[in-house]
1. Filter region 47-64 for residues that are open to solvent by 20 Å² or more (accessible area, probe 1.4 Å) and under 28 Å from PHE102 (Cβ atoms) and give the result.
2. Condition first: surrounded by fewer than 19 Cβ atoms within 10 Å (Cβ to Cβ), in contact with a Ser or Thr (Cβ under 9 Å, 6 or more places away or on another chain) and not β-branched (Val, Ile, Thr). Can you find one or more residues in region 137-157 that meet it?
3. Scan region 53-81 and report the pairs whose first residue is more than 16 Å from ALA118 (Cα to Cα) and in contact (Cβ under 8 Å) with a residue 60 or more places away in the chain and whose second residue is open to solvent by 60 Å² or more (accessible area, probe 1.4 Å) and outside any loop (DSSP other than H, G, I, E, B), with Cβ atoms within less than 7 Å and a gap of 6+ or a chain change.
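The values are calculated or read from the model by the stated rules, or taken from the named source; none is laboratory data. Owing to the predicted nature of the structure, the values given are computational and were not obtained by experimental measurement. Ideal geometry is used to build each Cβ from the backbone, glycine not excepted, and the neighbour counts take in all protein chains shown. These accessible areas exclude ligands, DNA and RNA; they are computed on the full protein's heavy atoms, side chains included. Shrake-Rupley method; radii C 1.70, N 1.55, O 1.52, S 1.80 Å.
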Amino acid sequence: MFILIPILLATLNRARGDDTWLTRLGLPGRALWYCGPLVGLVALLVQPWPVAVAWALAYLVWAVPAWGHLFGLGRYAPDREVDALSAALIEIAAGHVHVAFFLRHLLVVPGLALVSLASGSWWPVGAAIPAAALFVLAYEGAWRWAPRQPILVAELIVGALWGILILAA
């Protein structure tokens, strides 16, 4: 079970990041709306149902806002307008994309606070800031280790980190 949860979350996080499978299956909407509840079902394998629901909500809160131009860490810019959140975070970070991406990942804090409330443990919310830093580190590492497919690698690593968080809670 301890290896299965990170593998399942890595797979789900990748599926959330690449929604081409929705088109192939003829499903409407964003991949996130399918993957978020599945995160809760995976958490249910090792957590009581209220905590598993909190994990699903934490994942959704973290993943809903745009990543847009931040996940490229200055190496890649998608062919679309910079969204308002990314622009604000880049401005707050004085142009430092890594700092802006870290600030974006701090959206894990409210969700992990909810997990802490549901579980009665301070640990999940205490792990939020280190988790946000590890998420950025995963993207930076992926850009260095797998420059041809950095986003795929980073999404797998970040998903596995979500699995580790669920197991550790």
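1. Of region 47-64, the ones open to solvent by 20 Å² or more (accessible area, probe 1.4 Å) are 47-50, 53, 57, 60-61, 64.
GLN47, VAL53, LEU57, LEU60, VAL61, VAL64, listed by residue number.
2. No - not one qualifying residue is present in region 137-157.
3. Here the result reads LEU73/HIS98, each pair linking region 53-81 to a residue that is open to solvent by 60 Å² or more (accessible area, probe 1.4 Å) and outside any loop (DSSP other than H, G, I, E, B).
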